[in-house]
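One structure is given below, encoded as structure tokens.
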Amino acid sequence: MAENKILDLMGGDIETLNTFFSSIGEKKFRSTQVIQWIHKQGICDINDMTNLSKKLRTDLPNNTVITVPKIVRQLESTDGTIKWLLELEDKNIIETVYIPEKNRGTVCISSQAACQLNCTFCATAQQGFSRNLKTSEIIGQLWLANNVLKSKHYNERRATNVVMMGMGEPLLNINNVIPALNLMLDNNAYNLSRRRVTVSTAGIIPGIEQLGSKCNVSLAISLHASNDELRNKLVPLNKKYPIENLIEACKTYANKTNLNHITFEYIMLNEINDSSSDAYKLISVLDQVPAKVNLIPFNPVSGIEFKASTEKRIDKFQTVLNRAGITTTIRRSRGQDIAAACGQLSGDVKLRKNKR
Ligand code: SAH
């Protein structure tokens with residue numbers, strides 16, 4: 001079908017575009033030119049790509065498109081965090097968040113329309129899974145953030161960091177995620193160092209292995225518990241990929257990619273996983289991995305009964321880990337007033353297509 005031949009240039013990494021331009025008898029340097037126009041300059045109209053030949057500019061629209069994300073709502077928190085609700089072609093809604101800090105700005109990107117993992121504390125799980133995002137829809141979120149931030153109003157900022165911590169499980173959509181990561185790292189596109197691009201996973205072991213052999217970005221694991229019994233309840237995926245195997249995969253990943261550390265995210269649920277004995281168990285679990293721990297106080301989600309740990313319990317937990325030599329930070333909640341904090345991303349119910 002003719003439609004299948006249409007390539008979305010927004011989602012084309014160098015390899016994809018090289019294959020495409022060769023197939024239409026063009027030289028490979030066209031790939032770099034197009035990548036620079038779209039991702040460096042933010043230009044998505046082929047007519048404006050002045051270093052392409054006139055013939056190519058006329059021909060390209062016959063077999064390519066450039067899909068730009070459609071903002072349905074932009075919300076800004078009092079702390080400067082911005083959340084975008086984006087509508088996809090099939091009317092699914094996804095969310096992207098920008099978190100400004102003093103010396104950096106992080107974009108939190110979604111990889112799927114909702115999620116199929118059903119972690120018991122997460123709002124995205126309540127939404128019901130819809131589908132994997134295409135590469136163009138993944139990288140389009142970073143494109144959009146930079147495009148909005150470059151205005152005077154935002155002091156001409158740019159994203160300096162990316163975390164794949166929005167809606168969805170990136171490693172269940174790895175074939176579309178990897179070309180997007182390639183573009184983030186590509187010096188003709190976003191030119192981010194691999195230390196500033198983080199894939200966060202609930203622990204899909206085959207995905208971790210695949211990522212390690214294809215793209216050596218930073219890795220974060222949503223661990224949340226230090227024993228299988230509890231983790232089975234919080235992150236049901238653990239029944240398939242239990243802690244011991246997961247930690248083994250992390251060690252291999254760190255060795256293979258030569259990363260200084262892997263981040264372990266640990267949500268702080270009051271009197272569920274936050275005792276000192278949980279902290280000691282965590283130390284032994286992380287014994288052989290170059291680990292950093294990021295404690296995330298639970299962010300309230302309507303319909304979910306967990307409570308955030310008290311500050312005192314969080315401090316104590318952190319102290320135990322720090323004393324054991326594990327660098328442990330507490331993730332300050334950002335953008336809670338616009339439901340942009342971790343685990344609060346669920347699309348707007350009224351706007352959603354796949355209501356449950
Ligand atoms: N599926 C991937 C990507 C999502 S990242 C993963 O699990 O890593 C989103 C992060 O926010 C994860 O660490 C997730 O466990 C955490 N999170 C989910 N719900 C939360 C909540 N209500 N409060 C705080 N953190 C939450």
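Could you list all residues from region 31-62 that are acidic (Asp, Glu) and surrounded by 13 or more Cβ atoms within 10 Å (Cβ to Cβ)? Reasoning before the result, please.
Looking only at region 31-62, we keep the residues that are acidic (Asp, Glu), and these are 45, 48, 59.
Scanning region 31-62 gives a single hit, ASP59.
Are there any pairs with C-beta distances below 7 angstrom linking a residue in region 45-64 that is more than 15 Å from GLU26 (Cα to Cα) to a residue that is in a loop (DSSP other than H, G, I, E, B) and at pLDDT 95 or above, with the two at least 6 apart or on different chains, and if so which?
Sorted first by the residue in region 45-64, then by its partner, the pairs are MET49/ILE43.
Of the conditions (1) away from the ligand (no atom under 14 Å from the Cβ); (2) under 14 Å from the mean Cα position of the chain (by Cα); (3) within 15 Å of LYS251 (Cα to Cα), ARG196 fails just one. Which one is it?
Exception for ARG196: condition (3).
VAL97 versus (1) more than 17 Å from the chain's Cα centre (by Cα); (2) among the β-branched types (Val, Ile, Thr); (3) closer than 15 Å to GLY335 by Cβ: which is the lone unmet condition?
Of everything listed in (1) more than 17 Å from the chain's Cα centre (by Cα); (2) among the β-branched types (Val, Ile, Thr); (3) closer than 15 Å to GLY335 by Cβ, VAL97 misses just condition (1).
Only residues that are buried (at least 24 other Cβ atoms within 10 Å of the Cβ), closer than 27 Å to LYS307 by Cβ and of a type outside the set (A, V, I, L, M, F, W, C): list them for region 83-131, please.
Hits for region 83-131 are GLU95, SER110, THR124.
Does any residue of region 80-92 turn out to be more than 16 Å from the ligand (Cβ to nearest atom) and farther than 27 Å from LEU172 by Cα? Walk me through how you get there before you give the answer.
So in region 80-92, the residues more than 16 Å from the ligand (Cβ to nearest atom) come out as 80, 82, 84-92.
Checking which are farther than 27 Å from LEU172 by Cα leaves us with 80.
Scanning region 80-92 turns up at least one residue that is more than 16 Å from the ligand (Cβ to nearest atom) and farther than 27 Å from LEU172 by Cα.
Any chance you could count how many residues in region 151-170 are of a type in the set (Val, Ile, Thr) and within 14 Å of the ligand (Cβ to nearest atom)? Full working, then the answer.
As a first pass, look at region 151-170 and keep what is of a type in the set (Val, Ile, Thr): 160, 162-163.
From the residues that got through so far, the ones that are within 14 Å of the ligand (Cβ to nearest atom) too are 162-163.
Looking only at that region, the number is 2.
So, of the residues in region 309-322 that are polar (S, T, N, Q) and more than 15 Å from the ligand (Cβ to nearest atom), which turns out to be surrounded by the most Cβ atoms within 10 Å (Cβ to Cβ)?
My answer is GLN318.
Is it the case that some residue within region 330-352 is under 22 Å from the mean Cα position of the chain (by Cα), away from the ligand (no atom under 16 Å from the Cβ), among the basic types (Lys, Arg) and closer than 29 Å to LEU86 by Cα?
Yes; the residues of region 330-352 include at least one that is under 22 Å from the mean Cα position of the chain (by Cα), away from the ligand (no atom under 16 Å from the Cβ), among the basic types (Lys, Arg) and closer than 29 Å to LEU86 by Cα.
Go through (1) at pLDDT 95 or above; (2) within 12 Å of the ligand (Cβ to nearest atom) and name the single condition LYS251 misses.
Condition not satisfied by LYS251: (2).
Working only within region 115-144, note down all residues that are within 11 Å of the ligand (Cβ to nearest atom), closer than 19 Å to ASN176 by Cβ and in contact with a Ser or Thr (Cβ under 6 Å, 6 or more places away or on another chain).
Result: CYS115, THR124.
Quick test of your reading of the structure: GLY325 fulfils all but one of (1) within 15 Å of the ligand (Cβ to nearest atom); (2) in a loop (DSSP other than H, G, I, E, B); (3) modelled with pLDDT of 95 or more; (4) of a type outside the set (A, V, I, L, M, F, W, C). Name the failing condition by number.
All conditions are met except number (1).
Quick check on this structure: which one of GLY203, GLY207, GLY166 is under 30 Å from LEU85 (Cβ atoms) and free of Cβ contacts under 8 Å to residues at least 40 places away in the same chain?
Testing whether each residue is under 30 Å from LEU85 (Cβ atoms) and free of Cβ contacts under 8 Å to residues at least 40 places away in the same chain leaves just GLY207.
Any residue in region 291-315 that's within 15 Å of ILE272 (Cβ to Cβ): show its pairings with residues that are away from the ligand (no atom under 11 Å from the Cβ) and part of a strand (DSSP E or B) at Cβ separation under 6 Å, as long as the two are six or more apart or on different chains.
Filtered contacts from region 291-315: LEU295/ILE330.
Give the residues of region 171-180 that are closer than 21 Å to CYS342 by Cβ and within 14 Å of the ligand (Cβ to nearest atom), sorted by residue number.
Hits for region 171-180 are LEU171, LEU172, ASN173, VAL177.
Name, by its number, the condition in (1) aliphatic (A, V, I, L, M); (2) part of a helix (DSSP H, G or I); (3) in contact (Cβ under 8 Å) with a residue 60 or more places away in the chain that does not hold for ALA254.
All conditions are met except number (3).
I'd like the full set of residues that are farther than 21 Å from CYS115 by Cβ and assigned to a helix (DSSP H, G or I), limited to region 210-235.
Of everything in region 210-235, those that are farther than 21 Å from CYS115 by Cβ and assigned to a helix (DSSP H, G or I) turn out to be GLY212, SER213, LYS214, ASP228, GLU229.
Name the residue that is surrounded by the most Cβ atoms within 10 Å (Cβ to Cβ), counting only residues in region 258-308 that are among the polar types (S, T, N, Q) and touching a Leu at 6+ places or on another chain (Cβ under 8 Å). It would help to see each step written out before you state the result.
First pass over region 258-308, keeping only residues among the polar types (S, T, N, Q): 258, 260, 263, 270, 273, 275-277, 284, 288, 294, 299, 302.
Within this subset, residues satisfying the condition of being touching a Leu at 6+ places or on another chain (Cβ under 8 Å) are 263, 273.
Values: THR263: 21, ASN273: 26.
Per the criteria, the residue is ASN273.
Listed here are the residues, each with its yes/no results for (1) part of a loop (DSSP other than H, G, I, E, B); (2) among the small types (Gly, Ala, Ser); (3) modelled with pLDDT of 95 or more.
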| residue | (1), (2), (3) |
| --- | --- |
| TYR241 | yes, no, yes |
| ASP274 | yes, no, yes |
| LYS281 | no, no, yes |
| LEU295 | no, no, yes |
| GLY303 | yes, yes, no |
| LYS316 | no, no, yes |
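The values are calculated or read from the model by the stated rules, or taken from the named source; none is laboratory data. Just so it is clear, the structure is predicted and the values come from calculations on it, not from any experiment. As a convention, Cβ positions derive from the backbone with ideal geometry for all residues, glycine included, and neighbour counts pool all protein chains shown.
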